[in-house]
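Below you'll find the structure, written out as structure tokens, and then a few comments.
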Amino acid sequence: MRITCVGGGPAGLYFAVLAKLADPAHEVTVLERNPPGVTYGWGVVFWDDLLDELFAYDRVSAQRIWDAACKWDEYEVRATGKAVTHLAGYGFSLGRHKLLSLLSERAVELGVRVSYRSDLSDTPDADLVVACDGAGSQLRSSAAVHFGTEVSLGRNKYIWLGTPHVFDTFTFGFEKTHAGWIWYHAYPFDENTSTFIVECTPEVWSALELDRLDAAAGCARLETVFAGHLGGQRLIDRGNGWMNFRRVTNQRWDNGNVVLMGDAAHTTHFAIGSGTKLAMQDAMALADALALPGDLPQALERYEHRRRAALAPLQRAALASSEWFERMPEYADLPSTRFSYALSDRRGEYPLWRYLLHLSTQRSVPRAMLRSALSARRWSRARRRPDAEPRVPLLTGG
Ligand SMILES: Cc1cc2nc3c(=O)[nH]c(=O)nc-3n(C[C@H](O)[C@H](O)[C@H](O)COP(=O)(O)OP(=O)(O)OC[C@H]3O[C@@H](n4cnc5c(N)ncnc54)[C@H](O)[C@@H]3O)c2cc1C
């Protein structure tokens, strides 16, 4: 089969890898409009569930991702006028650049043709065309194919920045300015850099003049606002600019031999950090669907059915999560432990015992015990993965 993936993000590159693994006779091409090594954004987070699947589908790329990932083992919440509090949990983060370079290297090893500087908006000639060109997919909106696309905008403004300040762990920080609350989601993703996503209401954005300042002046303003969090380091804008989250939905995911994947098919608010995971899981589902007996339309239907069902609960969680941040000022007067608990339970799903655990783990000894237990769980889960080598230190570190 001749397969063309339009877009060399996580969805396109990972699907290319899986398609080649499934059948080396497939002719697989990835068309990416950017030059090699050029992409938007900074680090992304993911959890054990994705790693388990990556090891099951392609041990080689999974091992490389695992080796390169930064590991953190709790969340910290810092807010003006409140004591620092802690949330249980652990996860992994990796620079988007690094992830894409690992995936393209693996794709090329397997015989995929990755063609950079190929900006293509017309439907290419192939047996299967995967439109994985992101949330603003040109292929999806080209005249030749229709998917019933709807795009709605989130209310808050956000910007995806980086900083050389290496945060100890995943941190949510909230600052009260003269204009109102503004906050960040930050996490380390290599030994020198952290992701720093800033978010606020449109009213605060305008009042702080962030709507008028250029990139350098905007970063300087945010460095002043978050001076107490950045250890004297700067913020870097790679030109992503301020945005509103774009919620993309499609009535149908395939049309003829064109199928949507990743952000082109569906977006998920960054407040739950799952867009990359979902894009790679789409790739797994399409590879599985194509491997089953049947023709292409049947395979595409199976793929869409499986992914829509899997996405629904996460989309609900993401919506609840993004709405919490839109209402954030309403929670600001809560005492520190209740505020951070409200933040962690922003999907509104936790049973009472989680609150009791949260209260007890604000003290250092129970927190250290919980971190050890979670580290042991992470280590034992890593050992169960096929041929995986759990080479990471048990506690935070890259
Ligand atoms: C602020 C922010 C933080 C995030 N944090 C996380 C996180 O922590 N964890 C997580 O899992 N996800 C996160 N995400 C989401 C994640 O970045 C996306 O969901 C994910 O990248 C989707 O992958 P994709 O391959 O579908 O699309 P993309 O990664 O957008 O890739 C699309 C590719 O297509 C290329 N392209 C576009 N048009 C064309 C064209 N016409 N021709 C050729 N190529 C084209 C683009 O250059 C790009 O390389 C975050 C997103 C944002 C905005």
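The values are calculated or read from the model by the stated rules, or taken from the named source; none is laboratory data. Because the structure is a prediction, the values reported are computed rather than measured. Cβ sites come from the backbone with ideal geometry, for glycine too, and all protein chains shown count toward neighbours. Just so you know, the surface numbers come from the protein's heavy atoms only, side chains and all, with ligands and any DNA or RNA stripped out. Shrake-Rupley method; radii C 1.70, N 1.55, O 1.52, S 1.80 Å.
Close Cβ contacts (under 6 Å, 6 or more residues apart or on different chains) running from residues in the stretch 248-264 that are on the phi > 0 side of the Ramachandran plot to residues that are within 14 Å of the ligand (Cβ to nearest atom) and open to solvent by less than 40 Å² (accessible area, probe 1.4 Å) comprise Gly262/Ala11; Gly262/Cys132; Gly262/Ala279; Gly262/Asp282.
Taking (1) within 30 Å of Ala83 (Cα to Cα); (2) of a type outside the set (Val, Ile, Thr); (3) within 14 Å of the ligand (Cβ to nearest atom); (4) out of contact with any Phe, Trp or Tyr (no Cβ under 9 Å at 6 or more places or on another chain) in turn, Asp263 satisfies each apart from (1).
Just one of the listed residues (His229, His269) is in contact (Cβ under 8 Å) with a residue 40 or more places away in the chain and away from the ligand (no atom under 16 Å from the Cβ), namely His229. If a residue must be within 14 Å of Met243 (Cα to Cα), within 16 Å of the ligand (Cβ to nearest atom) and either part of a loop (DSSP other than H, G, I, E, B) or among the aromatic types (Phe, Trp, Tyr) (or both), how many such residues does the stretch 188-218 contain? Number of matching residues: 2. Scanning the stretch 74-102 for residues that are under 30 Å from Val38 (Cβ atoms) and of a type in the set (Lys, Arg) yields Arg96, Lys98. A single member of Trp181, Trp242 is among the aromatic types (Phe, Trp, Tyr) and either without any contact (Cβ under 8 Å) to a residue 12 or more places away in the chain or farther than 28 Å from Val38 by Cα (or both), and it is Trp181. Checked against the criteria, Gly239 counts as surrounded by fewer than 19 Cβ atoms within 10 Å (Cβ to Cβ), of a type in the set (Gly, Ala, Ser) and within 16 Å of the ligand (Cβ to nearest atom). Among the helices (runs of 4 or more DSSP H) confined to the stretch 263-353, the ones with at least 3 residues that are within 18 Å of the chain's Cα centre (by Cα) are located at 275-291, 296-326.
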